[in-house]
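The values are calculated or read from the model by the stated rules, or taken from the named source; none is laboratory data. What you are looking at is a predicted structure, and each value in this text was computed from that prediction instead of being measured. All Cβ positions, even for glycine, are placed from backbone atoms using ideal geometry, and neighbour counts span all protein chains on display.
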Amino acid sequence: MINIAIADDHVMVRSGIKAALERANKDIQVVAEVSNGKELIELPKDLKVDIFLVDISMPILNGIEATKKLRRVRKNAKVIILSMYDDRISVERAIRAGASGFVIKVSTIEEVINAIEDVSKGKFFLCSSISNYVFEGFLNRASGRKGLHTLTAKEKEILQLVAEGYSSRRIAEEFGLSLNTVHVHRNNIMHKLKLHKQADLIRYAIKEGIAHI
């Protein structure tokens, strides 16, 4: 039996994936469903999960940053990223974050099952629409644009929330930080990216795949 955890902020999507998987393969069962990256990394460590199906675009903590954190708390976690996007940047970032598979959401359920079976055996999997991308090439290339690469993990998380319209006060509450600390982070982000307006930050976050609005 392969135990699956699904992370997606749309209830209907989670329910649809769960029903399709369990109907198509009796050896697959969904043992957990969460709606954002923060809930994903907070799943009980004693919950046996063989494969994590993680949406790339989620509120609070996106799939890429959630994968990085998940791989730190669960060293052997196997992650398959689900995405509406098949662009090179998204695939590269997923692989660098530690994902073992990348599947776009318009893929057939058979392809999702193939991904689950391959990744459960320790293999990599790219869905057919992006199979021409080569994993080795991604792993050997510089990680993202220079500006994005200079941001810390916390700064990337705050950048995502800024792009999603969170106020500084709400960001402070979300991370248990002081308002002044959030302001310092925001100033550091803008300085590193050489941006001067919030609108520019939002456009940058969307362009780089930090947030999808």
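Things worth noting here:
- Glu110 outside any strand (DSSP E or B), closer than 17 Å to Arg14 by Cα and charged (D, E, K, R): yes
- Across region 106-129, the qualifying residues are those that are in contact with an Asp or Glu (Cβ under 8 Å, 6 or more places away or on another chain) and over 19 Å from Met84 (Cα atoms), and the one among them that is modelled with the lowest pLDDT is Phe124.
- Which listed residue, of Leu70, Leu82, is modelled with pLDDT of 90 or more, of a type outside the set (S, T, N, Q), buried (at least 18 other Cβ atoms within 10 Å of the Cβ) and assigned to a strand (DSSP E or B): Leu82
- Residue check for Ile80: within 13 Å of the chain's Cα centre (by Cα), over 29 Å from Arg23 (Cβ atoms) and of a type in the set (A, V, I, L, M, F, W, C): no
- Pair list, Cβ < 6 Å and 6+ apart or interchain, from region 168-187 residues that are under 19 Å from Ala205 (Cβ atoms) to residues that are buried (at least 16 other Cβ atoms within 10 Å of the Cβ) and not β-branched (Val, Ile, Thr): Ile171/Leu161; Val182/Ser168; Val182/Ala172; His185/Glu155
- Screening region 11-28 for residues that are under 19 Å from the mean Cα position of the chain (by Cα) and touching a residue at least 24 places away in the same chain (Cβ under 8 Å) and picking the one that is surrounded by the fewest Cβ atoms within 10 Å (Cβ to Cβ) gives Val11.
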